[in-house]
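Right, one structure below, let's go through it.
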Amino acid sequence: MGAQFTLSTKSTPVGGRLVGSLNQSRISGNPLPGGRYAGISPSSASGDYSDVTVISPYGAVPWPKVSRLNEDEMKRLMIDVFDRTYRFIHTLFDENTGGELLLRLAHRDPLPQWKDPRLLAGDASKRGAD
């Protein structure tokens, strides 16, 4: 029989590490081949990028209106994130591997500087409604 754990909130040490683990490379990783977001980032003298444009064959496009991913890339990204999240949740709730994962997270926070997650205002009212 595996180890018994109670994980109720983000404030528990394991809960915080679990959230951090969800953001580790095995889930977020680099789902776009070629490191699409690893290119040159523009600089902005104004700070809000209103002074940055992209020159295309069809004219100048203001930076805030430039699409960073096309439909196909976004679809691949979402499928990859979904698959990685599904594998992580499967590992967490698997009788043979979940306890080991929680023990590892209890000993080490994989992303100690990561921002704590928060519920959206509408989500808080749904707790206990099931």
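The values are calculated or read from the model by the stated rules, or taken from the named source; none is laboratory data. This structure is a prediction, so every number in the text was calculated from the model and none was measured. When we count neighbours, we look across all protein chains shown, and the Cβ atoms used for this are built from the backbone with ideal geometry, even at glycine.
Among the residues making up the range 76-100, those that are assigned to a helix (DSSP H, G or I) and either of a type in the set (S, T, N, Q) or loosely packed, with under 14 Cβ neighbours inside 10 Å (or both) are Met78, Ile79, Phe82, Asp83, Thr85, Tyr86, Arg87, Ile89, His90, Thr91, Phe93, Glu100. Pairs meeting the criteria (first residue in the range 49-76 and without any contact (Cβ under 8 Å) to a residue 40 or more places away in the chain, second residue polar (S, T, N, Q) and surrounded by 13 or more Cβ atoms within 10 Å (Cβ to Cβ), beta carbons under 7 Å, at least 6 apart or on different chains) are Ala60/Thr53; Val61/Thr53; Pro62/Thr53; Trp63/Thr53.
Scanning for something assigned to a helix (DSSP H, G or I) and either of a type outside the set (A, V, I, L, M) or modelled with pLDDT of 90 or more (or both), does the range 36-54 turn up at least one residue? The answer is yes, given that some residue of the range 36-54 is assigned to a helix (DSSP H, G or I) and either of a type outside the set (A, V, I, L, M) or modelled with pLDDT of 90 or more (or both).
Counting only residues that are modelled with pLDDT under 90 and assigned to a helix (DSSP H, G or I), which one in the range 66-75 is nearest to the chain's Cα centre (by Cα)? Once the filter is applied, the top-ranked residue is Met74. Which pairs have Cβ atoms under 6 Å, sit 6 or more apart or on different chains, and link a residue in the range 99-112 that is closer than 13 Å to Phe88 by Cβ to one that is assigned to a helix (DSSP H, G or I) and not polar (S, T, N, Q)? From the range 99-112, the pairs are Leu101/Leu92; Leu102/Val14; Leu105/Val14; Leu105/Arg17; Leu105/Leu18; Pro110/Gly20.
Is one or more of the residues making up the range 115-125 more than 30 Å from Ser56 (Cα to Cα), surrounded by 10 or more Cβ atoms within 10 Å (Cβ to Cβ), touching a Lys or Arg at 6+ places or on another chain (Cβ under 7 Å) and not β-branched (Val, Ile, Thr)? The answer is yes, given that some residue of the range 115-125 is more than 30 Å from Ser56 (Cα to Cα), surrounded by 10 or more Cβ atoms within 10 Å (Cβ to Cβ), touching a Lys or Arg at 6+ places or on another chain (Cβ under 7 Å) and not β-branched (Val, Ile, Thr).
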